[in-house]
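Participant: Here it is, the structure in full.
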Ligand code: ADP
């Protein structure tokens with residue numbers, strides 16, 4: 001791969017009509033992006049709020065669940081403790097002597113609270129009545145009046161309601177509350193109250209014993225003796241749940257507070273992932289925005305470049321056309337379209353034959369087209385004619401150069417087409433002018449020669465005539481035999497008359513008199529001219545029958561000179577060098593394209609050599625012994641004066657020369673108005 005070349009430094013400032021970033025489309029895209037950004041931020045905020053609320057709710061639910069669990073756990077374990085005490089009561093009543101002093105220490109597996117260190121401060125069997133109260137009992141009972149009251153009502157409730165009862169917490173003498181709570185379990189034997197099994201409980205130790213170690217790791221558990229003293233200890237800490245201990249006769253609570261609030265990990269991870277995605281989206285959006293900006297810039301540059309190039313293409317006067325290698329038109333510029341009158345849409349994609357090829361040159365142009373597609377044009381270019389849509393012909397000069405890609409691969413041809421119609425017209429006019437000049441020059445030259453000839457010949461011919469007359473006079477004097485001389489003399493006279501006539505005609509032409517146009521049928525005219533010719537015995541003269549009248553406008557006197565000259569030459573050359581008898585054939589016909597009359601004079605003679613054909617119409621060109629070489633020169637001058645032309649070629653049938661005279665048909669002539677000849 002070749003490195004791509006740097007773009008040419010162009011100043012597009014003038015052409016850049018839509019600078020990037022200010023188009024309505026841009027602004028709309030920007031608004032959309034801003035809206036999207038706001039939406040994204042709002043979504044993030046909403047998500048965070050929702051997550052926070054969700055976490056709070058979750059925390060609250062967990063806290064309540066933990067509190068309720070602890071509440072139930074306390075209920076369960078205190079029930080168990082009551083059952084344990086009942087077992088002890090039974091042991092005390094049934095298995096041991098009634099005196100507490102002789103009783104053995106109770107033996108029992110016990111529940112969680114029974115075994116919790118510091119939970120049971122004291123326990124023992126107590127008969128109804130005030131006797132035998134233990135020291136601890138005495139202490140608590142006397143410490144504060146409310147203690148005695150609570151303990152008394154505890155016993156009353158236990159005995160009266162026949163169920164376990166609690167009293168406490170005990171107050172000290174100064175009124176401060178301790179964590180000691182008394183529990184009494186009444187025992188009945190055959191429906192008769194026998195006594196209570198009493199235990200003093202250290203509630204702090206009970207509460208701590210209730211809670212398993214794993215719960216301690218994540219929660220702070222505290223006994224709340226006074227209901228008002230709940231979360232005051234740590235107002236900034238996590239909100240605590242106050243679980244009632246439901247011990248009848250007491251007003252105790254357990255405060256459960258989570259130690260460190262464990263955030264909900266999964267939603268946070270989701271949120272984090274979502275945030276990462278959003279961030280990614282924002283970054284992509286920004287990248288996209290930058291990319292769009294760059295693209296728009298490049299697009300604007302390209303647009304400017306296209307505008308500049310289109311402006312350049314449209315303003316050049318040279319036609320531009322690009323071909324693919326398969327001969328299809330790839331591109332045409334406006335100048336080319338103007339030249340041929342077809343639109344670019346009509347031309348692009350076309351292949352040979354092109355609509356602008358003139359019909360009569362289509363074959364030739366097709367061959368040229370094949371060559372051009374294969375190898376382009378030569379340095380000097382190719383001159384051809386195109387036909388504009390309106391029918392007029394356009395001369396063009398085409399230069400083809402290879403159409404190559406940036407990698408140097410040729411994909412077709414690029415043609416520059418120059419309209420040279422004006423130049424061609426000027427050239428044609430100049431050539432015509434030159435031809436006219438030459439023709440008139442020749443006429444002048446011939447005129448001069450002819451007048452000289454006439455001048456030179458007129459006197460000897462006059463003398464010949466006088467001589468003939470003298471001879472006739474002698475004959476009349478009978479000094480010579482009449483039958484010997486008379487035919488000769490008569491012939492001399494005819495000859496001299498004829499010579500005189502020729503001289504007159506040439507003289508008149510040499511004086512450059514105005515041509516006297518007449519309208520006549522060329523066929524009859526030629527027949528009359530031929531009839532005056534003397535045909536040698538070894539030659540056959542044949543005038544082919546006409547296909548119809550061929551009307552022309554011409555000077556009969558001059559045209560007779562042409563016909564007789566051509567026929568005389570043909571008769572003279574027909575039998576030359578041939579063993580067989582000679583033949584001369586004369587015929588006339590009218591041609592439609594171009595509208596001309598044609599007169600042919602062909603013979604069986606040796607013909608005119610190829611290299612002499614150009615020169616035989618020049619004055620003084622002659623291959624005949626003693627020939628002056630003026631006859632054909634005069635003929636050409638006369639024919640051209642009638643806006644016609646004369647040519648010589650080989651006659652394929654008779655084998656000799658064939659002279660063709662082209663004359664404008666009546667109506668096509670550009671001479672003065674005709675005078676009808678009856
Ligand atoms: P001239 O007859 O005096 O030579 P022309 O002008 O009539 O002059 O003819 C010029 C030349 O053209 C002749 O010399 C001859 O070479 C050639 N020429 C004319 N007519 C014929 C013909 N029918 N066949 C062969 N050559 C001819």
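Participant: Tell me, what is the FRET efficiency for residue 576 and residue 643 to the nearest 0.05, using R0 = 25 angstrom and their Cβ-Cβ distance as r? Can you show the working numbers first?
Facilitator: Working: r = 33 Å, r/R0 = 1.33.
For R0 = 25 Å, the calculated efficiency reads 0.15.
Participant: Name all residues of segment 156-173 having a backbone nitrogen under 18 Å from the label point set 7 Å from the Cα of residue 204 along its Cα→Cβ direction, giving them as ranges.
Facilitator: 168-173
Participant: Order of 249-258, 135-144 by packing, highest average Cβ count within 10 Å first? Each step should come with its number before you reach the end.
Facilitator: Numbers: 249-258: 21.1, 135-144: 16.0.
Peptide ranking by packing, descending: 249-258, 135-144.
Participant: Can you sort 28, 527 from fewest to most other Cβ atoms within 10 Å of each residue's own Cβ? Kindly include the intermediate steps, with their values, before the conclusion.
Facilitator: Values: 28 10, 527 15.
So the residues, fewest neighbours to most, are 28, 527.
Participant: Moving on to the next point. Taking 0.36 nm per intervening residue step and subtracting the Cα-Cα distance, what contour gain separates residue 568 from residue 43 on full extension?
Facilitator: Working: separation 525, 0.36 × 525 = 189.00 nm, distance 11.82 nm.
The span from residue 568 to residue 43 would gain 177.2 nm if fully extended.
Participant: Tell me, 585, 190 in order of fewest to most beta-carbon neighbours within 10 Å? Present the calculation step by step, with values, prior to reporting the outcome.
Facilitator: On the way: 585 21, 190 5.
Result, fewest neighbours first: 190, 585.
Participant: Evaluate the relative contact order of segment 534-600 (contact order divided by residue number), counting alpha-carbon pairs under 8 angstrom at least 6 apart; express in whole percent. Mind dumping the intermediate values first?
Facilitator: Values: 73 pairs, mean separation 28.9, N = 67.
Normalised by residue count, the contact order of segment 534-600 is 43 percent.
Participant: Return, ordered by residue number, the residues of segment 151-167 whose backbone nitrogen is under 15 Å from a label point located 7 Å along Cα→Cβ of residue 108.
Facilitator: Once the point is set 7 Å along Cα→Cβ of residue 108, 164-165 turn out to lie under 15 Å by backbone N, inside segment 151-167.
Participant: Which whole-number percentage describes the relative contact order of segment 549-644, with Cα contacts under 8 Å and a sequence gap of 6 or more?
Facilitator: On the way: 110 pairs, mean separation 25.1, N = 96.
Rounded, it is 26 percent for segment 549-644.
Participant: I would also like to ask the following. Provide the gained length on full extension for the span residue 34 to residue 289, in nm with one decimal, where the gain is 0.36 nm per separating residue minus the Cα-Cα distance.
Facilitator: Result: 90.7 nm gained on full extension.
Participant: Please arrange 286, 541, 464 by how many other C-beta atoms lie within 10 Å of their C-beta, fewest to most. Before the final figure, lay out the partial values.
Facilitator: Values: 286 12, 541 20, 464 17.
Result, fewest neighbours first: 286, 464, 541.
Participant: At R0 = 25 Å, how high is the FRET efficiency between residue 281 and residue 53 if r is their beta carbon distance? Nearest 0.05 is fine.
Facilitator: Values: r = 25 Å, r/R0 = 1.00.
That gives a FRET efficiency of 0.50.
Participant: I would also like to ask the following. Once you order the gyration tensor axes a ≥ b ≥ c over the Cα atoms, which shape class does segment 385-440 get: rounded for a/c under 1.5, otherwise prolate or oblate by comparing a/b with b/c?
Facilitator: Values: a/c = 6.01, a/b = 2.66, b/c = 2.26.
Prolate is the answer for segment 385-440, as a/c is 1.5 or above and a/b outweighs b/c.
Participant: Same structure again: Can you pull the one-decimal nm distance between simple spin-label points at residue 592 and residue 352, each 7 Å off the Cα toward Cβ?
Facilitator: Between residue 592 and residue 352, the simple spin-label model gives 3.0 nm.
Participant: If I stretch the segment between residue 306 and residue 251 completely, what's the gain in nm (0.36 nm per residue apart, minus their alpha carbon distance), one decimal? Let's see the in-between values first.
Facilitator: Numbers: separation 55, 0.36 × 55 = 19.80 nm, distance 9.41 nm.
Result: 10.4 nm gained on full extension.
Taken together, the values in this text are just the output of simple stated rules run on the coordinates, not laboratory data. Since this is a predicted model, take the numbers as computed values, not measurements. Neighbour counts are summed over all protein chains in view; Cβ atoms, including those assigned to glycine, are modelled from backbone coordinates with ideal geometry.
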